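The values are calculated or read from the model by the stated rules, or taken from the named source; none is laboratory data. Computed from a predicted structure; not experimentally measured. FYI the Cβ positions are ideal-geometry reconstructions off the backbone, even for glycines, and counts take in every protein chain you see. Side chains are part of the model used for accessible areas, which takes the heavy atoms of the whole protein and leaves out ligands, DNA and RNA. Shrake-Rupley method; radii C 1.70, N 1.55, O 1.52, S 1.80 Å.
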There are 2 protein chains.
Amino acid sequence: MNTRPTPLRTAVMSALALVAPLNLLAQTAPAVPAVSTAQTAPAAPAVSLIGRATPDIASLPPGPQKALVEYGKQLTERTFAHIGPEAANQKLRYAGNNLACVSCHQGSAAKPFAMPWIGVSASFPQYRAREDDISTVEERVNGCMERSMNGKPLPLNSREMKAFTTYIAFLSQGVPVGATVQGAATVQSKMPNRRADVTAGAAVYAAKCAVCHGTDGLGQRVGKAGDGEGYTFPPLWGPDSFNTGAGMNRLAMATRFVKHNMPLGASHDATQLSDDEAYDVSAFMVSQPRPVKANLELDFPARWNKPVDAAFPPYLLGTADQHKFGPFPPLAEKQKQMAEQLKTQAAAERATGAKR
Amino acid sequence: MNTRPTPLRTAVMSALALVAPLNLLAQTAPAVPAVSTAQTAPAAPAVSLIGRATPDIASLPPGPQKALVEYGKQLTERTFAHIGPEAANQKLRYAGNNLACVSCHQGSAAKPFAMPWIGVSASFPQYRAREDDISTVEERVNGCMERSMNGKPLPLNSREMKAFTTYIAFLSQGVPVGATVQGAATVQSKMPNRRADVTAGAAVYAAKCAVCHGTDGLGQRVGKAGDGEGYTFPPLWGPDSFNTGAGMNRLAMATRFVKHNMPLGASHDATQLSDDEAYDVSAFMVSQPRPVKANLELDFPARWNKPVDAAFPPYLLGTADQHKFGPFPPLAEKQKQMAEQLKTQAAAERATGAKR
């Protein structure tokens, strides 16, 4: 038995359209696997990360597990120092920029709605649209390594990969496998139904972001280039930032993150930017130059569930400009229709198959 | 930072003695990771597998996840046909014998106290004594591949490995990460405090086991050798059975499995053999010839927590015969003392270190 592409595959993929969330962010962060709503055995309860205590490493007994969890936390917080392009151990230079995981995954990857890792162990392996396949948590980590970190994948059997997955499992303690996690990913807010205003975004940036990230957007280094000490505030574009394949280079994704996590100190229940400000300033960010990820046309091979804000070809629903800067609601509506059509088609094919 | 052997490592390992369960089976099946009792954040509840519904694959919506879960179940039930030494696809001949996972993991790996896989996703990565290190669920699967299946490890990025971990995650739905699972592993019964009686065991075997497994212990094949159809009843020894490194080749481990799962139809709440019968018949089984695993001296590098029934050198606590056939309680007592001693020593070393 082989689950690789078959005629049936196309059919089941389109059937999936009904169960896969069709929002713009469906494939960017710990999503609830389809299984959680569909199984008859003990249903996984919902878990909320809001106000939930984060596991404390200090409470672990000394031993290999504690050591590995600590290493995982180090890799998460000081990624640049351990696996960045300036890391002391040249063999471990897997990341291509000097960002840290916590540049996006705030609060040591435990902050609600800042793509937290709490519960991630409980949601993998899961279907991922980017690969149109089931992915393991290791593959998800490497998705970041090749995009947000603009680097190379970590070997699956490396100490560093194991440290990441062990830290993620530590953070996930108590979350039932398959649970719906309130606080996962980002707040699924709606996008303004208009093309984003990059000029207005530039003004927001100058007023609220430049003080930390720099007027040139290149961040503030700790020490000097080459010392592997990373940034106090990360670069948002330019050669040492995430590449064009990163989720943060997608406008709707970035808007949701920025709205509920920026400027520093903002959170889902204490936002500082209006919806319009978040949308426009994010558009300003994604309009800037950054490293180009090769072979992006291989991402989201099942085009019906490619996020509408994935601004790289092929473009199935609108122009390149609309996929990059919106408006997105009309694209989402078109995508929904496409999925419905595929679903009807698949059902018809199944019915024909059943008659034979 | 590196968590590989350091002077500190020895110290923390011995400190672990207090938290690691010192029973004979501590390292054979989904154990509760040390973290679950030690963290201050949301404690993982206990989950019981007894009477718990097993997730039903039929309830999954069609799609890649369902297909992969189904493939994982196929690999589990018909291991021989897919990855055995007679598998149609020669490239996939990873297992070295024609057993199936379900030869031991009964009930499609969902039966309580028959080393079920339910909850396994929620308990890895975990500390494993066999490696004296943190292991992933993939490494645990490969532990079986190299021992119980007397074969080669599956590549970590193979479709087959992903199918196994996806099936395991499917079975684990609803189990909180780090939870204590009642029904995991085997019933932790005590061993008779005597050397096992192989002759008495041979009589039990003839009376209660030979009808299925054969008087020669070589099982009953489906069809003929070479057709990749496996066994109706698996061989318990001989060239097509598990090797000397398998957990089932350890007397206490085997006794616990046999007592609560053999003959066919037995369960933890409906046993068919007395404690003595289970112990002796298991001794008869482990006294028989089987494939020899190379390099077993590399297993359990931290000798203080090598299971006392791991009957291969080095022998720290007793003779080779006693490690193979018991009596085990005196060995367990000696092991406990060794662990206490190491713990005291480590505490003293830490105290000295603190003074410096």
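Assorted remarks:
- Dipole-positive endmost among B:209, B:103, B:243 within chain B (Cβ charges, Cα centre): B:243
- Amide H contacts for residue A:231 (H built 1.01 Å from N in the peptide plane; partners 5 or more residues away or on another chain; cut-off under 5 Å): A:222.
- Pairs from B:259/B:334; B:152/B:293; B:111/B:224; B:111/B:259; B:66/B:152; A:293/A:324 whose Cα-Cα separation, in the structure shown, is over 19 Å: B:259/B:334; B:111/B:224; B:66/B:152
- Buried accessible area, chains B and A (both chains, 1.4 Å probe, Å² to nearest 100): 5000 Å²
- Distances between copies of residue A:344, taken at a point 7 Å out from Cα along the Cα→Cβ vector and listed shortest first: 8.0 nm.
- Two-decimal Rg/Rh across region B:246-356, once Rg and the Kirkwood Rh are taken from alpha-carbon atoms: 1.11
- Take residue B:210, push a point 7 Å out from Cα through the beta-carbon direction, and compare it with the same point in every other copy: 9.2 nm, smallest first.
- Take the Kirkwood radius over Cα pairs of region B:145-238, plug it into Stokes-Einstein at 4 °C and 1.567 mPa s, and you get 74 µm²/s for translational diffusion.
- Shape call, region A:153-192: gyration tensor on alpha carbons, a/c limit 1.5: oblate
- For the peptide B:48-55, the mean number of other protein chain Cβ atoms found within 10 angstrom of a residue's Cβ is 2.
- Rounded to whole Å, sorted largest first: equivalent-ellipsoid semi-axes of chain B, Cα gyration tensor: 32, 27, 20
- Amide H contacts under 5 Å for residue B:47: B:180, B:181, B:182, restricted to partners 5 or more places along the chain or on a different chain, H placed in the peptide plane at 1.01 Å from N.
- Label point 7 Å beyond Cα along the C-beta direction, distances from residue B:289 to other copies (nm, shortest first): 7.4
- Of the solvent-accessible surface of chain A, computed with a 1.4 Å probe over protein heavy atoms with every protein chain present, carbon and sulfur atoms account for 57 percent.
- Relative frequency of Cα-Cα separations exceeding 37 Å in the protein assembly as shown, percent: 43 percent
- Cα-centre dipole for region A:146-268 with unit charges at Cβ (Lys and Arg positive, Asp and Glu negative), debye to 20: 400 debye
- Where Rh is the Kirkwood radius over Cα pairs, Rg/Rh for region B:256-317: 1.08
- Shape class of region B:50-104 from the Cα gyration tensor (axes a ≥ b ≥ c, square roots of the eigenvalues): oblate, since a/c reaches 1.5 or more and a/b does not exceed b/c.
- Panel values: region B:50-147, Kirkwood radius from alpha carbon pairs, Stokes-Einstein at 25 °C and 0.890 mPa s, translational diffusion coefficient 165 µm²/s.
- A 1.4 Å probe run over chain A, with the rest of the protein chains in place, finds 39 Å² accessible per residue.
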